[in-house]
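What follows is a single structure, written as structure tokens, with notes after it.
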Amino acid sequence: MKILVTGATGLVGTQFIKDATAQDFQINFLTTKRIKTYEERNIKGFYWNPEIDLIEDLSCFDDVKFIVHLCGFSVDKRWTKNNRQKIIDSRVKTLQLLKKTIEKNNIKINHLISASATGLYPSSKTNIYSEEENKYEQYFLTDVIKKWEAAAQSFNSLEMKVSIIRIGLVMSIKGGVLEKIIKSMEINRIAVVFGDGSQWQSWIHIKDLSNIFLFVINKKLSGVYNAVAPNPISNFEMVRIIKDNFNFLYRNNHYSRSTTFRANDKIEFYRKIFIYYTINVPKFIFKFLFGKMHEILFLSQKVSSQKLSDAGFVFEFPDFEKMIKDINQ
């Protein structure tokens, strides 16, 4: 079977294509960079430009049964007027272009699986949020997610299954939150906790996230699903665990290409001593540095993945500390 993927060259898209092809799916992907429109076994790239409503070659839809929508401009940059528009358009306008093209050309697709985010849930130290929650946090990212999910749900009018995957903090040594924390520790020799660190953070290992998309495809599930590990963790504990395993993460995954570590290297020893220092950085510092974007750093969200578990999904990485000690991708 064939899947059309957007955002294929991003962190999640790269992992998804690797896992999907291992299950013998064929992949077509849309890219805004012509240099990446290549073809190899079971993978073929096609150029598109959503800014001018262009999908250059409609053969990208040939024999496609599923669309996996992963593209989206990063939300961890300052929310300037220009960046805010990019954040919205990269998620919503791309879906609108896909729908318009499918409708206009009478293309038959069985199932749309669109990424979304858990960031719309209210901030709370006590509540546990399921997919049924209908009270949302009031800030820019909530507006983005509402528009994003509405654009995905509009595909129902094409008699197509629609699944929405609300993603927590993605953990991978190849990018995302974990890489940023490790690099920050490397540069500053300190572990930074956001405020008092008591806010809950719902996370997901990238391998489990990729497998969730494939699980939804294989099981033909529709509806909204929270893609988070079963055990959320406080920001303080997350930083502590990463700090305590810093040398393993840093050495084994070669964040510094110019330095080779050995088991008894004095440099490694001193780096480990330096990382023992933890600093609680108050909220106003992040507000000064990042503007309104700092709000996402201080959300406290305990998000439930019980709906996925009830459907039969089994997490390979349910525990944060064990995941960090075993992580290799």
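Of all residues being surrounded by 13 or more Cβ atoms within 10 Å (Cβ to Cβ) and without any contact (Cβ under 8 Å) to a residue 40 or more places away in the chain in the range 52-71, which is farthest from Ile3 (Cα to Cα)? Just the residue, please.
Among residues in the range 52-71 that are surrounded by 13 or more Cβ atoms within 10 Å (Cβ to Cβ) and without any contact (Cβ under 8 Å) to a residue 40 or more places away in the chain, the one farthest from Ile3 (Cα to Cα) is Glu56.
Quick check, is Leu95 under 21 Å from Phe140 (Cβ atoms) and among the hydrophobic types (A, V, I, L, M, F, W, C)?
Yes.
Which one of these does Lys147 not meet: (1) under 30 Å from Ile279 (Cα atoms); (2) at pLDDT 95 or above?
Result: Lys147 fails condition (1) only.
Residues in the range 109-144 that are assigned to a helix (DSSP H, G or I) and not β-branched (Val, Ile, Thr): how many?
Count: 5.
Considering only residues that are farther than 17 Å from Val224 by Cα and in contact with a helix residue (DSSP H, G or I) (Cβ under 7 Å, 6 or more places away or on another chain), which ones fall in the range 102-140?
Result: Ile102, Glu103, Asn105, Ile107, Ile109, Glu137, Tyr139, Phe140.
Among residues belonging to the range 285-329 that are β-branched (Val, Ile, Thr) and closer than 13 Å to Ser202 by Cα, point out the one that is surrounded by the fewest Cβ atoms within 10 Å (Cβ to Cβ).
So the residue we want is Ile296.
Pull out all pairs, ordered by first then second residue, where Cβ-Cβ is under 9 Å, the residues are six or more apart or on different chains, the first lies in the range 220-232 and is closer than 11 Å to Ala117 by Cα, and the second is part of a loop (DSSP other than H, G, I, E, B) and among the hydrophobic types (A, V, I, L, M, F, W, C).
Short answer, once both residue conditions are applied: Tyr225/Ala311; Tyr225/Phe313.
For the range 59-97, which residues satisfy the criterion of being under 14 Å from Glu149 (Cα atoms) and in contact with a strand residue (DSSP E or B) (Cβ under 9 Å, 6 or more places away or on another chain)?
Once the filter is applied, which keeps residues that are under 14 Å from Glu149 (Cα atoms) and in contact with a strand residue (DSSP E or B) (Cβ under 9 Å, 6 or more places away or on another chain), the range 59-97 yields Val68, His69, Leu70, Cys71, Gly72, Arg91, Thr94, Leu95.
Test Ala263 against the stated conditions and say whether it is hydrophobic (A, V, I, L, M, F, W, C) and either at pLDDT below 90 or surrounded by fewer than 17 Cβ atoms within 10 Å (Cβ to Cβ) (or both).
Yes, satisfied.
Table: residues versus (1) of a type in the set (Gly, Ala, Ser); (2) touching a residue at least 40 places away in the same chain (Cβ under 8 Å); (3) surrounded by fewer than 20 Cβ atoms within 10 Å (Cβ to Cβ).
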{"residue": "Phe73", "(1), (2), (3)": "no, no, yes"}
{"residue": "Asp76", "(1), (2), (3)": "no, yes, yes"}
{"residue": "Asn83", "(1), (2), (3)": "no, no, yes"}
{"residue": "Lys86", "(1), (2), (3)": "no, no, yes"}
{"residue": "Asp89", "(1), (2), (3)": "no, no, yes"}
{"residue": "Leu95", "(1), (2), (3)": "no, yes, no"}
{"residue": "Lys104", "(1), (2), (3)": "no, no, yes"}
{"residue": "Lys108", "(1), (2), (3)": "no, no, yes"}
{"residue": "Ile113", "(1), (2), (3)": "no, yes, no"}
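Give, as residue ranges, the strands (runs of 3 or more DSSP E) completely inside the range 10-84 that count at least 2 residues that are of a type in the set (Val, Ile, Thr).
It comes to 26-31, 64-69.
Residue under question is Asn218, and the condition is that it be surrounded by 16 or more Cβ atoms within 10 Å (Cβ to Cβ) and modelled with pLDDT of 85 or more; does it hold?
Spelling it out, it is not the case that Asn218 is surrounded by 16 or more Cβ atoms within 10 Å (Cβ to Cβ) and modelled with pLDDT of 85 or more.
For the range 97-108, name all the residues that are part of a helix (DSSP H, G or I) and not hydrophobic (A, V, I, L, M, F, W, C).
If the condition is that a residue be part of a helix (DSSP H, G or I) and not hydrophobic (A, V, I, L, M, F, W, C), then Lys99, Lys100, Thr101, Glu103, Lys104 are the ones that fit.
If you check Glu40, Glu56, Glu51, which single one turns out to be over 22 Å from Val162 (Cα atoms), in contact with a strand residue (DSSP E or B) (Cβ under 6 Å, 6 or more places away or on another chain) and among the acidic types (Asp, Glu)?
It is Glu56.
Note down all Cβ pairs under 8 Å where the first residue falls in the range 180-201 and is under 22 Å from Lys77 (Cβ atoms) and charged (D, E, K, R), the second is surrounded by fewer than 17 Cβ atoms within 10 Å (Cβ to Cβ) and at pLDDT below 85, and they're at least six residues apart or on different chains.
Filtered contacts from the range 180-201: Lys183/Tyr255; Glu186/Tyr255; Glu186/Ser256.
Test Asn42 against the criterion of being without any contact (Cβ under 8 Å) to a residue 12 or more places away in the chain, surrounded by fewer than 18 Cβ atoms within 10 Å (Cβ to Cβ), over 22 Å from Ala227 (Cα atoms) and polar (S, T, N, Q), and give yes or no.
no
Picking from Thr118, Thr126, which residue would you name as being surrounded by fewer than 17 Cβ atoms within 10 Å (Cβ to Cβ) and not hydrophobic (A, V, I, L, M, F, W, C)?
Just a single option satisfies the conditions, and that option is Thr126.
The values are calculated or read from the model by the stated rules, or taken from the named source; none is laboratory data. This structure is a prediction, so every number in the text was calculated from the model and none was measured. Note that we place each Cβ from the backbone using ideal geometry, even for glycine, and neighbour counts take in every protein chain shown.
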